[in-house]
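Right, one structure below, let's go through it.
The values are calculated or read from the model by the stated rules, or taken from the named source; none is laboratory data. Nothing here was measured: the structure is a model prediction, and the numbers come from that model. Note: ideal-geometry Cβ built from the backbone for every residue, glycine included; neighbour counts use all protein chains shown. Calculation scope for accessible area: heavy atoms of the full protein, side chains included, ligands and nucleic acids excluded. Shrake-Rupley method; radii C 1.70, N 1.55, O 1.52, S 1.80 Å.
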Amino acid sequence: MNAFLVENGGIIMGILGVAVAVIASGIGSAIGVGRAGEAASGVIIEEPEKFGRSLVLQLLPGTQGLYGFVIGLLTMILRLDVDMTFQQGLYIFFASLPIGLVGLWSALAQSKAAVAGINILAKNEAHQTKGIIYSVMVETYAILAFVISLMAILVFYID
Amino acid sequence: MAIVDMSRFSLLAFQADREKLLEQLQAFREVHFLDLRDKELSPGVGLIEPDQRLNKLEEDLGQLEWMLKLLKPYDTRPTGLKGMQQGLPSYSLDEVTRKAETIDFKKDYYEIREIQAKLDQLTTVKNDKKASFDALSPWEKLPFYPDQLSDLKHVRVQLGMVARKFMDNLAEAFRKLEFSHYEIINEAQGNYYLQVIGHVDEADALQDVLRRNGFTPVKLEIKQPVRQELDRLTREIAEAEQEQDQWQKKLPGYAPRLSDYELVYEAKANQLLKLGATRNFLQTDRLTLIQGYVPTVLEEEFRTVLDNKLGNDYHVEITPAERNDSNVPIKLKNNKFVESFASITSMYALPKYNEIDPTPFFTPFYWMFFGMMVADIGYGIILLVGTFVLLKKFNLAPSMRGFVRFFHYLSYSITIWGVIYGSFFGDLIPLPSLIEPSTDIVQLLILNIAFGFIHLMVGLAISAYMIVRDSSWLDALYDIGFWYMTLIGGILLLIAVALKWPPLVSYISGASMLIGMIGVVVFTGRKSRSGTVRVLKGLYNLYGISSYVGDFVSYTRLMAIGLAGAFIGVAVNIITKLLLGSFIGIPFGIVVFLAFHAFNIFLSALSAYVHTSRLTYVEFFGKFYSGGGKPFTQFINDTKYITIKEKD
C-alpha cells in the first residue's frame, strides 16, 4: 500500500485536484442555476414573453461551473502525468482549491442575488439590468479565484 | 458643458386659447411642464378640473389595448429578423393625428367584442355540458333511467355511490336484509356506483344500512336512458366546438387592421398626454398659468410658437434656470460617440443642473476598459460586423439603435486589445503579442494600476474643476490639491525606491507626499470651529488613503476578466481539437466551436459591461459625482408601436 502511494501519489493528488475544481464549482452552479430557474418559472407563468430576459438572470450563477471546468481541463491536458511527484500532485490539488471552494459558495450567493433580480424582472421590467449588475458583482470573487487557480497551474507550476 | 442649458418660463394665456396652445406645444415638443399643484395658492387661483374627455380617452385606450392583445396571435406582419429589419413604421406627429381621425376602430371593437362574448358563452356552454357528461358517464351501463321506475308500487329504486373502502361493510350489511338488493353498475375513481332496489316494507331498514355505510344518493335528472343522454351531450359539445371554430375564424379577418389600431392607440395616447398636462397648470376665472422649462437654444422658437397661436393675447416671462434649483430638468447633449455611452450615465443617475455631465469624461475610459476585458480579435470582428449590419440594414427603434451603436464602438476597442494580447478566438491561431497576458502578469498588473491611477486622477481633476467653479481655488487646493500631492508623491516614491532612481527623486516625492498628508490633516476639516475636531476630521480624511489603495487594486479586474474570458475560449479550442481528431467527431467539433464561442462572446461582453460600469460608478464617480437630476421629458408620448419622426 505504502509503495503504491509513493509510486502513484502524485497523479492521485493531481486528479483529486481536477476533481475538486470541477465537482465543487459544478455543484454550486447546478444548485444556483436551479434556484434561479425555479424563480424564473414563476414569472413565466403569467408573462411568458419575459423568457429571454429571465434566461440571462438564470444563467449568471452558471459560470462558476464553467471556470472550474476550464481549470480541470487545462490541468488534465497540460499538467497531469503518471510520473509526476507527490509535491507536484499536492501543488495541483491546492491550486484547484480557490476555484473549487469560491466557485461553490459564490454560485450559491450569486443565485440569491439572481433570484432577487428575477423579482425586479417580474415587478419592474425596465430596471432589470440593475438586477443583473447586482448579481454579476458576486461573480467578481469567482473570477479572482479562477485567475489565481489559473496562474498557479499555468505560470507558477514547476516541472 | 454637455448639460443642455434650460430657461424657465411663466406663461399666462386665456382659458379659451388653452387647447390650441397645447396642440402647438405638443408639435413643438421641447417643453417640460412644472407641476404647480403643490404651490401655495392665492385666492382666486385654483387647479384645473380634469378634462371630461380624459375618461373617454382612457376607455378608448383600454379597448384598443384589449383588441391588440386579442388579435396578436393572428398578426401576419413579419416577426423575428425580418420584422426587425422592417422595424416600426415611422410617421410625423401631424400624420399620426390626421390618419388616426380617418380610422374608425369602434365598429370593429364592438364586432370583436361580440365575437369574443359569443366565444366565451360557447365555452361556458361547452364546459357545463362536459361537466354533465363527466357526472353521467359512470352510469353508462344503467339499463333504465330513474323516471321509468319511479311509479312502482312495491319496490323503490335508488342510485348512489359508495367509497371502495366501505363496500365490503355494505355488502355484509345487505346480507341481513331480506327484500333488498344492490347491483354494481360501475367502479371508477375509488367509488362504486350502485343501483339499490328494495321492497317498501323494508325501506327504513334499508335506509339505515345505507346511511351507516357511507352511501351517497345520486339523482340523475334525465328523461331518457343514460346511453342516449351521453350521446346527446357528446353531439352538443361537438356542435358548440364547431360553432366556436366558426366564430374564431372571424378574428384573423381583423388582423390586417392591426396597424391601424396601433396608430389610433398612439394618437390617443398622445391626446391623453396633451389633455392630461392641464393638471400641472393653475387657473383663475379667465386665465391659465403654465410654468415649465425649455432648452435655452429654443427660446426664440418657443416665442414664435406662442406668437403664432396667441397673437398678443398672452404674457410670458423667460429667465435662465436657477443653477441650484433641483427642479430643473436635465437633458444631455453630446457628439454621436459620447451620446452612445449616455445610457451608462442615466442608469446611475442624471447629473443635477449644477453638476457636470460625466459622460464625455468616462467615455474614453469605458471604451478602453471594455476592450481590455473582452480583448479578442475574432470576437471584436464578429461584433463589429454584426452591429454594422444591424445599423445599416435594419430599421431599429431609436433606443435599440443607441444600444447597438454602443456595442459597435466598443467592438473596435475589443479588436485593438485583441491585437495587443495576440488573441484570436482564444488561441486558435498563434499570433505575436505585445503583452502575453498569461505570462507577463506583473507588467499587466502594473499597466492596470497605471490605468486606474489615470482614471482616478481625472476624476479628482473634475472634482477640482467643480470646486473652483463653485467656490474658490483655495478650496480646490485644500480638498483636491493635497490629495494629488499625497498620491503622486507616494507612488513616485515607491517607484523611485523600487527602481533605485537617484535619491533626489525620492526626497522630492517623499516631501510632496508628506506636505500633502499634512495638508489633508490640517485643511480638509476646516469647516469645523473647534481645533481638535478639525484635526480629528482631517486625520479621518487622511485615513481615506486606504480606500485609494482599494481603488487601485480594484483595477486588476481589467486583467482578471480578460483572462477568464480568454481561457474559456482556450478550453473551447482544446475540446474542438479533440473532437476534430476523429472522423465522427468533426460535426460535433464544429457545433461545439460555434456554440461555445458564441456563448463566450455573450458572457465576456456581459462581464465587461458590468465590471466597466462598476469601475465607472464606484471608483470614478465616487470622486466627483453624485447625480440625482430629473430627466427632461418631451411633451410627446413614448411610442410602442410606431416611431414618431424627429422634427426637422
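Residues in segment B:35-64 that are surrounded by 14 or more Cβ atoms within 10 Å (Cβ to Cβ) and in a loop (DSSP other than H, G, I, E, B): B:Leu36, B:Val45, B:Ile48, B:Asp51.
Out of the residues in segment B:610-637 meeting the condition of being more than 21 Å from B:Met466 (Cβ to Cβ) and within 14 Å of another protein chain (Cβ to nearest Cβ), tell me which one is surrounded by the most Cβ atoms within 10 Å (Cβ to Cβ). First the steps, then the outcome.
Taking segment B:610-637 and keeping what is more than 21 Å from B:Met466 (Cβ to Cβ), we get B:610-614, B:631-637.
Right, trim to within 14 Å of another protein chain (Cβ to nearest Cβ) and you get B:610-614, B:631.
Working: B:Val610: 21, B:His611: 24, B:Thr612: 26, B:Ser613: 20, B:Arg614: 17, B:Pro631: 12.
By that ranking, first place goes to B:Thr612.
Taking segment B:276-295 as the range and being under 11 Å from B:Glu49 (Cα atoms) and either assigned to a strand (DSSP E or B) or open to solvent by less than 50 Å² (accessible area, probe 1.4 Å) (or both) as the test, the residues that pass are B:Gly276, B:Thr278, B:Asn280, B:Phe281, B:Leu282, B:Gln283.
Checking B:Phe341, B:Phe302, B:Phe337 one by one, the residue that is loosely packed, with under 15 Cβ neighbours inside 10 Å and touching a residue at least 12 places away in the same chain (Cβ under 8 Å) is B:Phe337 and no other.
Here B:Phe602, B:Phe583 are screened, and the one residue that is at pLDDT 85 or above, not aliphatic (A, V, I, L, M) and not in a helix (DSSP H, G or I) is B:Phe583. Where helices (runs of 4 or more DSSP H) fall wholly inside segment A:65-159, the ranges with 3 or more residues that are without any contact (Cβ under 8 Å) to a residue 24 or more places away in the chain, open to solvent by 20 Å² or more (accessible area, probe 1.4 Å) and away from chain B (no Cβ under 13 Å) are A:103-123. Here is the figure for segment B:419-436: residues that are open to solvent by 20 Å² or more (accessible area, probe 1.4 Å), of a type outside the set (A, V, I, L, M) and either more than 14 Å from chain A (Cβ to nearest Cβ) or in contact (Cβ under 8 Å) with a residue 24 or more places away in the chain (or both) total 6. Taking segment B:437-462 as the range and being without any contact (Cβ under 8 Å) to a residue 60 or more places away in the chain and within 14 Å of chain A (Cβ to nearest Cβ) as the test, the residues that pass are B:Thr439, B:Asp440, B:Val442, B:Gln443. Residue count for segment B:70-85 satisfying the condition of being within 24 Å of the chain's Cα centre (by Cα) and loosely packed, with under 12 Cβ neighbours inside 10 Å: 7.
Annotation note: of B:Ala566, B:Ala571, the sole residue that is touching a Leu at 6+ places or on another chain (Cβ under 6 Å), over 16 Å from B:Phe482 (Cβ atoms) and within 14 Å of chain A (Cβ to nearest Cβ) is B:Ala571. Against the definition (at pLDDT 85 or above, surrounded by 13 or more Cβ atoms within 10 Å (Cβ to Cβ), hydrophobic (A, V, I, L, M, F, W, C) and at negative phi), how does B:Met67 come out, yes or no? Considered against the rule, which asks whether it is at pLDDT 85 or above, surrounded by 13 or more Cβ atoms within 10 Å (Cβ to Cβ), hydrophobic (A, V, I, L, M, F, W, C) and at negative phi, B:Met67 comes out as yes.
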